[in-house]
Amino acid sequence: MLIPSTYRPDIKIASYYFLICAIMVPIFAFIPVLDTTLFIAPRLGFGEALKVVLLTYTVGNAWNFTLIGSILLVLVIVLMRSMGNRISTSIALALTFGLMLTIAWSSHAGAMEPFKGITGHFVHLAAISIWVGVVLVVGWCSTNQHNWLNFLSWFSKVAIGCLVATGLSGILLMDVMVDGYTDSWMVSYGQGLLIKHLFLIPLVFYALLNGLVVKYFLSKDAAFNPIPWIRLEGIVLFVIFAMTAFFTQQSPPHGNYLTDDAISPLFQLFHGGIIDSSSTVGLTINLDIVYFFFLALLLVGLILLSIYKKASIVVTFLISCLFVVNVYIMVMISIVVR
C-alpha cells in the first residue's frame, strides 16, 4: 500500500486476488483480437488470420504488449515479499498504467485519431480505475472504519479530480467517435452511452453523500458505520464500468453508420418506424414526460428516505436503478425521429 496506514482504514486482501486480476487482463483484452480474427478467418483460415492480426493489426500489436505487461505484473506480484512492499507496489502500479496505455492503444478512438483517441481513452480509463479501485478496495476489503475522516480528507479531492478528468476525457472521446450525441441514441453504442450517463446522476449523488453527509455523521457520532455507503458508490461505479466495457465493443456512431442492421433494439422498442441514414433525433415535451418527471422526483425522495432510515444498500441501489430506468424512459419518449 502506498497510502500511509494513518490515512486509511485497515485493509486485508489475499495476494491471489492480485494474481487473478493480472491473469484476466490479457484474457479479456484478447476479445477484440478474437473478433477481428474470426472476421477474416473465412478467407485465410483461423491460424493464418490470428497470425496476421497479431503481427500487422493495431489491435493485435497492442495485445502483444498487454500480454508482456501482464506477465511482468504477475512476476512482480509473485516476488512481492522478497522485493519489499513499497518497491514492488510502485513497480506494479507503473505496469498497471502501462497496461491501461496498451488498452487505449487498441481502442476504436485510438484507431480513428491516434493522438487524441489514445490520450483520451488512457485518461478516461485511468481516472475511472483510480476512483473505482479505491472505492471497491476500501468498501469491500477494509476490516474496520479507523481513520475514516483522514481517508475522506484526501480521497474526496481524488474523487473530484477523477470525476473532472473522466468528464473532460469523455468529451474528447465523444468528439472523436460520435457524430451527434442525440443521433447516436439510434444505435447500440449511443444507447450504452446514454445509460452510462444516466447512471452518473446517482453516482454524483452518492459521491457527495460519502464526501459531505458521511463526514458530518462521523463528526457527530464516532460509532457511525460509513462502509455500506461507500460500497453503494462502488456498486454504481462498477455498473458504469461494466456498461463502458460493453458498449465500447460496439461500432462507434461515426461516418455512414446508420443502417437497418445498426439500429438498436432498445431504440426500436420506443420508435419502430422507418429509420434511414438521413434520420435525425429531436426532443419534445409532452404530458407523459411531465408524469415521468414527477415520478423521478418521487424516487429521489425514496432514496433520501432510505438513507435517513438507514435501509439496506440493496434497497437504495434498486431504487436508484428504478430512477435511472424512469429517466431513461422519459428521455426515450421525448424523442422525435425526423
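Assorted remarks:
- Checked against (1) buried (at least 17 other Cβ atoms within 10 Å of the Cβ); (2) in contact (Cβ under 8 Å) with a residue 40 or more places away in the chain, Ile11 passes all but a single condition, namely (1).
- Scanning segment 241-297 for residues that are modelled with pLDDT of 70 or more, in a helix (DSSP H, G or I) and either among the charged types (D, E, K, R) or over 28 Å from the mean Cα position of the chain (by Cα) (or both) gives Leu287, Asp288, Ile289, Val290, Tyr291, Phe294.
- Boolean, Ser129 is exposed (fewer than 14 other Cβ atoms within 10 Å of the Cβ) and at pLDDT 85 or above: no
- Whichever residue in segment 309-324 is at pLDDT 90 or above and open to solvent by 90 Å² or more (accessible area, probe 1.4 Å) and, among such residues, is nearest to Ile227 (Cα to Cα): Leu318
- Selected residue [open to solvent by less than 30 Å² (accessible area, probe 1.4 Å), in contact with a helix residue (DSSP H, G or I) (Cβ under 6 Å, 6 or more places away or on another chain) and either in a helix (DSSP H, G or I) or modelled with pLDDT of 85 or more (or both)] from Leu73, Leu101: Leu73
- Some residue of segment 143-152 being open to solvent by less than 40 Å² (accessible area, probe 1.4 Å), outside any helix (DSSP H, G or I) and within 26 Å of Leu232 (Cα to Cα): yes
- Top-ranked residue in segment 213-240 [being assigned to a helix (DSSP H, G or I) and of a type in the set (Gly, Ala, Ser); ranked as farthest from the chain's Cα centre (by Cα)]: Ser219
- The single condition from (1) in a helix (DSSP H, G or I); (2) farther than 19 Å from Ile130 by Cα; (3) open to solvent by 30 Å² or more (accessible area, probe 1.4 Å) that Val158 fails is (2).
- Segment 107-126, residues that are open to solvent by 40 Å² or more (accessible area, probe 1.4 Å) and among the polar types (S, T, N, Q): Thr119
The values are calculated or read from the model by the stated rules, or taken from the named source; none is laboratory data. Model, not experiment: these values are computed from the prediction. FYI the Cβ positions are ideal-geometry reconstructions off the backbone, even for glycines, and counts take in every protein chain you see. Ligands, DNA and RNA are stripped out before the accessible areas are found, and what is left, the full protein with its side chains, is counted by its heavy atoms. Shrake-Rupley method; radii C 1.70, N 1.55, O 1.52, S 1.80 Å.
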